[in-house]
Amino acid sequence: MKIGTPKEVFEGEARVAMTPDSARQLQKLGHECLIESGAGLAAGFSDAAYEEAGVEVIKTAAQLYKAADIIAKVRPPSDTEVKRLGPSKTLISFFYPVANEELMAQAAEKGATVIAMDMVPRISRAQKMDALSSMANIAGYRAVIEAGNNFGRFFTGQVTAAGKVPPAKVLIVGAGVAGLAAIGTSTSLGAITYAFDVRPEVAEQIESMGAEFVFLEFEEDQTDGAATGGYAAPSSPEFREAQLAKFRELAPDIDIVITTALIPNRDAPVLWTKDMVEMMKPGSVIIDLAAERGGNCELTVKDEKIVTDNGVTIVGYTDFPSRMATQSSTLYATNIRHMMTDLTPEKDGVVNHNMEDDVIRGATITHEKEVTFPPPPPKIQAIAAKPKEKVKELTPEEKREMEAAAFKAQTKSQVTLIVVGAVLMLLLGLVAPASFMQHFIVFVLAVFVGFQVIWNVAHSLHTPLMAVTNAISSIIILGALMQIGSSVGWVIVLAALSVFMAGINIFGGFLVTRRMLAMFQKS
Amino acid sequence: MEFGFTTAAYVVAAVLFILSLGGLSGQESAKRAVWYGIAGMALAIFATLIGPGSGLWWLSILLIAAGGVIGYIVAKRVQMTEMPQLVAAMHSLVGLAAVFVGYNAHIELANVMSMDQEAKYALDGFAALLAKKSGVEIGILRVELFLGVFIGAVTFTGSVIAFGKLAGKVTSAATKLPGGHMLNATAAGLSLILLFIYLGSGAMWALVLMTLLAFFIGYHLIMGIGGADMPVVVSMLNSYSGWAAAAIGFSLGNDLLIVVGALVGSSGAILSYIMCKAMNRSFVSVILGGFGETGGPQMEVEGEMIEIPVDGVASALNEADSVIIIPGYGMAVAQAQSAVSDLTKKLRAQGKEVRFQSTPWRAVCRGT
């Protein structure tokens, strides 16, 4: 199959979906690679570099669309690009099918297969082709760099001959992939970093990245990310209020705010309101990574950098990955390459579009003239482990009832045992002679004592106890000792042997026990 | 010496044994408890030696001393890690001793019964005791010694196999002969039939044949149990030998033997039960040699254990924020407690969180 990558037509887009490196890998799968002339230029890859990697450079986009079977690109296709697709073509790109429903229908009509990189299910097997994550990672990193660029001070605190510099305080809202990348970058630059997320289970991840989790005192069954495939779910108005109150409390102290809070298929929630911006110190910076969906900050202007009246810079760029085109192209091209690896399992250059495969099925939004979006839920669910079901607290009445029932059952079983035992005893007593019964009483009592004594033994003492019971079981020596005085020769020999063997066990057994116990002694 | 003194000594010895077992339920009292056990044993032997029915006391003392020296040397020399199998090995001796004592009782009984009335009056000691027994009592006696020999024989071969499995000399996998549990059941059934034959005739061959069957049961039963369950098995065999001692105590009319046998028997059984609970294993399936085991392999081990060298551990510890230490039997054996505590202090000084996780199942498996 021929895989072609056109130049991105979207204004300002610098990324490219194929790099010379990824082309080499794709060729190993048996594919041929084509690229539109100048497609990689903005990302730092010249046509010559592609040619060297064995990629055929094609003059115009129209020719490329004609020649290639599979089109790999970054941004969702434009109307013209969709028109160029045909029945045998496959398009791999970001698509955002919810927002671009019309475009999707159009593509389906054309008979093209569209694989949306943003629809790759979030399961561990598909992480290598999760382009959203790799782009978010870059966005998170870039957000901190952008903030530093607009922030007039150091991130890290310093004590210099020229005076003391306090460290910058950074707040990161939303600890998804971008948020965590931002935390990592910010802490490694030396800023005091705080992070907040509505999903309580990410607190540990936040702390492991070196930031402080902003803890919210709120009594509610917070939805776990596991239920929504690892994404945050909308929170209740009460929760939102508590959250905003917390942010208001923090706002005057914070120098840099990076917001990354997005809820799938919804407008970004407003978390940093106008009054919070007004509370911030002049020179502070807000980077709004959610600007594309309206922004987490009330004052964000999409694709622009503004400075408020009180001197707070608000950056609403939506093209952070494009601003680091070389890095993001490399990662994105690798994501595409992994997708192609899954699509060509035999590595023979033949695409096997397996709609039974969870990952391929999930990402495919049009196939054979049908719109196949939304996909059925993946067979493998959940990223984070579900929290354990809480055991229901019993009311005092229920507890009392249960105790009473348990007590009754216990009494019942005990009484039954005693009655059965007593009857058996009586039956035995009818036949057995008195001398036997005398010994029998002793026997039964001893059994009881043995049971009672052992019940509460500590776990760690099981083996010493085993050793001591072994030593004590040498009591059989008494029998041998009583017989050794016999007049029959055989009896003497056997009894002597028994005494000898029991002797070994008595000394050995007790010594072993003592050595075992010595291990527990505090030295 | 007076019979009363022996009985009195027996009472004291029995109390000491109970205290010994009870004391082992706590770590501090355990040290004392061993001495109670030793004192009880010494008292019991002393009282029996000077009590009625015994003779050749110098030979007995000599034999005990000789056995004691061997036992002492073996127990002193053995590696800490080999303790469980040593217990199993020594335990097989108790089983064999029980078989011998049972046989003695049989021989003596046959001997006494062949005597005439006058010769019987001339007897003393154990034989005299036998001579006084009535018909029914002799029947009961036979059942008791038959049981004693049976359990003793099972204990003997069972302990030998348990030793082999713990020492790695016998494959630790659960293996069964073709026929599996049916073989055990058949052998047990045959033994029961032999019991009735023996009860009726007092024939030596029935006793011998049953002993052989019991040897087989002991062997096959324990072969069918996996190596990881061996500590439970050893404890269970302890319990068996306790019951054997009690049964023989009945035939000899010795109350201390009955009391201590029952103590060991019941405490061993309960201990095995508790151990099974701690390891999350089914008690019945363990003691009956994997009987009714439907689960197949115990647990699939998921993932892979990767061993890392010491410097790898050191750098991992250096980088870690939170460390969990799971102390095992090996740590106790290596006397590494203080080293571990130093390590803990050092790590905590670096502001790392150090926690300990106790693992009862592992401790039991490894024999701590």
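Rg and Dmax of chain A, based on Cα coordinates, read 37.6, 118 Å. Residues within the reach of a label modelled at A:SER88 (point 7 angstrom out along Cα to beta-carbon, backbone nitrogen below 15 Å), restricted to segment A:112-129, are A:112-113.
On association of chains A and B, roughly 8200 Å² of accessible area becomes buried (total for both chains; probe 1.4 Å).
The length gained by stretching the chain between A:SER124 and A:ARG400 to full extension, at 0.36 nm per residue less their Cα-Cα distance, is 94.6 nm. Diffusion coefficient (Stokes-Einstein, Kirkwood radius over C-alpha pairs, 20 °C, 1.002 mPa s) for segment B:1-77: 155 µm²/s, rounded to a whole number. Label positions at A:LYS281 and B:MET113, each projected 7 Å from the Cα along the C-beta direction, are separated by 10.6 nm.
Which FRET efficiency value, to the nearest 0.05, do you get for A:ASP309 and B:VAL340 by plugging their Cβ-Cβ distance into 1/(1 + (r/R0)^6) with R0 = 51 Å? Write down the numbers at each step before the final one.
Details: r = 62 Å, r/R0 = 1.21.
It comes out at approximately 0.25.
Applying 0.36 nm per residue to the separation of A:ASP253 and A:ALA162 and subtracting their alpha-carbon distance, the gain on full extension is 30.4 nm.
Looking at segment A:447-508 from every direction and averaging, what is the projected area of its Cα convex hull in nm²? In nm², the orientation-averaged hull projection of segment A:447-508 is 5.1. Normalised by residue count, the protein assembly as shown yields a Cα convex hull volume of 238 Å³ per residue. Straight-line cross-link partners of B:LYS352 among the aspartates and glutamates, defined as a Cα under 19 Å from its Cα and at least 8 positions apart when in the same chain: A:GLU204, A:GLU207, A:GLU212, B:ASP311, B:GLU319, B:ASP321, B:ASP342. Annotation for A:SER78 and A:LEU424: the two label points, set 7 Å from Cα along the Cα-Cβ direction, are 9.2 nm apart. A Förster radius of 41 Å, combined with the Cβ-Cβ distance separating B:PHE283 from A:LYS347, puts the computed FRET efficiency at roughly 0.15.
In sequence order, segment A:164-171 has phi-based couplings of 8, 10, x, x, 6, 10, 10, 10 Hz under the Karplus curve 6.51 cos²θ - 1.76 cosθ + 1.60, θ = phi - 60°, and Gly or Pro positions carry x.
Taking the Cα centre of chain A as reference, the dipole from Cβ charges on Lys and Arg (+1) and Asp and Glu (-1) amounts to some 1960 debye. Calculated FRET efficiency, A:LEU41 to A:ASN149, Cβ-Cβ distance, R0 = 30 Å: about 0.80 to the nearest 0.05. Contact order for chain A, expressed relative to its length and based on alpha carbon pairs under 8 Å spaced 6+ residues apart, stands at 14 percent.
Calculated accessible area for segment B:82-287 comes out at 34 Å² per residue, all protein chains present (probe 1.4 Å; ligands, DNA, RNA ignored). Pairs over the 18 Å Cα-Cα cut-off, from the set A:LYS66/A:LYS89; A:LYS66/A:LYS110; A:LYS7/A:LYS59; A:LYS66/A:LYS347; A:LYS2/A:LYS128; A:LYS7/A:LYS73: A:LYS66/A:LYS347; A:LYS2/A:LYS128.
What you get for segment B:82-287, charging only the Cβ of Lys and Arg (+1) and of Asp and Glu (-1), is a dipole of about 620 debye around the Cα centre. Rolling a 1.4 Å probe over the heavy atoms of the protein chains gives segment A:1-131 an accessible area of 42 Å² per residue. A full extension of the chain between B:VAL310 and B:LEU62 corresponds to an added length of 84.1 nm, given 0.36 nm per residue minus the alpha carbon distance. For segment B:82-287, the fraction of C-alpha pairs more than 26 angstrom apart is 36%. Two numbers describe the Cα atoms of segment B:173-240: Rg and Dmax, which are 14.0, 43 Å.
Share of the protein assembly as shown's accessible area from carbon and sulfur, percent, 1.4 Å?
On the way: 25510 of 42050 Å².
On the protein assembly as shown, the fraction of accessible area on carbon and sulfur atoms equals 61 percent.
Accessible surface computed residue by residue for segment B:1-77, with neighbouring protein chains in place and a 1.4 Å probe, gives 51 Å² per residue.
The values are calculated or read from the model by the stated rules, or taken from the named source; none is laboratory data. Computed from a predicted model, the values in this text were never measured in an experiment. So basically every Cβ, Gly included, is an ideal-geometry build from the backbone, and we count neighbours across all protein chains shown. Side chains included, ligands, DNA and RNA excluded: accessible areas come from the protein's heavy atoms. Shrake-Rupley method; radii C 1.70, N 1.55, O 1.52, S 1.80 Å.
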